[in-house]
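Here is the structure we will look at.
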Amino acid sequence: MKKFVWLFALLAVLTVVGGCGNKEKASGQNSDKKEDVVLKVGAASTPHAEILKYVEPDLKKEGIKLDIVNIKDGIQTNEQTANGELDANYFQHTPYLEQTNKDSGLNLVSVTNVHIEPFGVYSKKIKSIDDLSKGAKVAVPNDPVNFSRALELFEANGIIELNHKKPSGSSYTVEDISKNKKELDFVAVDGPLLVRSLDDVEVSAINTNYALEGGFKPTKDALIIEKKESPYVNILVTTKEKKDDKNIQRLAKALTTDKVKKFINDKYDGAVVPAF
């Protein structure tokens with residue numbers, strides 16, 4: 001009888017030890033499994049989100065999953081990046097970021113240059129910029145930086161002249177037009193609505209991402225377009241605190257490889273130009 005009791009006790013001990021071993025093994029399996037880091041990035045749909053989607057598989061191999069959020073409002077996107085709702089954003093050029101930081105009291109920074117989108121003027125009503133009517137309505141972006149950029153493009157093509165006695169880095173307004181022989185009427189329009197404005201105006205100065213979304217081929221369809229040396233470089237943006245985060249840096253590196261350079265050149269045929 002004592003022998004049976006002893007065997008029963010031994011089996012109980014072995015069961016407990018075996019159970020602990022299984023738990024430790026299971027625990028070990030869980031600890032070895034690493035979950036992907038998720039980076040939430042706000043981006044304009046074209047070309048920014050397309051470029052992010054292109055690098056997504058490479059980042060996945062490094063344990064980084066991109067949550068790409070298509071944005072509609074630039075100021076709101078920068079605010080969401082500043083307060084942590086977004087880890088980073090990729091939709092704007094440097095002057096726009098600087099103006100937003102100034103106007104909204106944000107402290108966002110550029111992580112890396114990615115590309116340039118030459119800014120162009122389009123029309124459904126005329127075939128050449130020389131055909132502009134006297135007093136024609138001209139739609140331009142309503143944010144101060146891109147409004148100024150549009151005026152500079154018209155000046156670069158001899159259509160207007162600007163007063164250059166302004167502080168360096170400040171934006172031009174209609175009050176800075178010193179010569180306007182054709183008496184053009186510049187109308188400020190929300191960026192996403194610039195393509196639709198072509199039904200109501202003679203020409204519209206449109207950011208390339210919106211022009212691409214509207215079905216235009218900038219290098220073919222624009223009446224006038226910025227040179228490739230444009231200072232308006234599109235950048236990856238985050239907060240000062242996150243700039244040196246290893247995962248943000250991995251994203252920056254993924255966006256600036258020779259592979260991405262080839263993708264941009266092949267896909268956009270000069271409408272988007274690598275800036276790295």
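The values are calculated or read from the model by the stated rules, or taken from the named source; none is laboratory data. Quick caveat: nothing in here was measured; it's all calculated off a predicted structure. A quick note on method: Cβ atoms are made from the backbone with ideal geometry, for glycine too, and the neighbour counts reach across all protein chains shown. These area figures cover heavy atoms from the full protein model, side chains too; ligands, DNA and RNA do not enter into them. Shrake-Rupley method; radii C 1.70, N 1.55, O 1.52, S 1.80 Å.
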Kindly indicate whether any position in the stretch 219-239 is open to solvent by less than 30 Å² (accessible area, probe 1.4 Å), assigned to a helix (DSSP H, G or I) and in contact with a Phe, Trp or Tyr (Cβ under 9 Å, 6 or more places away or on another chain). no
Within the stretch 52-78, can you find the residues that are closer than 15 Å to Ala254 by Cα, within 14 Å of the chain's Cα centre (by Cα) and of a type in the set (Lys, Arg)? Lys53
Look through the stretch 89-118, keep the residues that are in a helix (DSSP H, G or I) and over 19 Å from Val41 (Cα atoms), and return whichever of them is most open to solvent (accessible area, probe 1.4 Å). Lys102
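Say we look at the stretch 177-200 and pick out the residues that are of a type in the set (A, V, I, L, M) and in a loop (DSSP other than H, G, I, E, B); which of these is most open to solvent (accessible area, probe 1.4 Å)?
Val195
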Report, ordered by the first and then the second residue, all pairs with beta carbons closer than 7 Å, sequence separation of six or more or different chains, a first member in the stretch 258-276 that is on the phi > 0 side of the Ramachandran plot and modelled with pLDDT under 95, and a second member that is open to solvent by 70 Å² or more (accessible area, probe 1.4 Å) and part of a helix (DSSP H, G or I). Asp269/Thr219; Gly270/Thr219
Can you tell me which residues in the stretch 193-229 are more than 15 Å from Arg149 (Cα to Cα), touching a residue at least 12 places away in the same chain (Cβ under 8 Å) and aliphatic (A, V, I, L, M)? Val195, Leu198, Val201, Val203, Ala211, Leu212, Ala222, Leu223
Give just the number: which of (1) open to solvent by 60 Å² or more (accessible area, probe 1.4 Å); (2) under 28 Å from His48 (Cα atoms) does Val121 not satisfy? (1)
Search the stretch 158-176 for residues being surrounded by 14 or more Cβ atoms within 10 Å (Cβ to Cβ) and within 26 Å of Leu97 (Cβ to Cβ), and hand back the single one that is modelled with the lowest pLDDT. Ser171
Do you know which residues across the stretch 131-147 are closer than 19 Å to Val201 by Cα and surrounded by 14 or more Cβ atoms within 10 Å (Cβ to Cβ)? Leu132, Ala136, Lys137, Val138, Ala139, Val140, Pro141, Asn142, Asp143, Asn146, Phe147
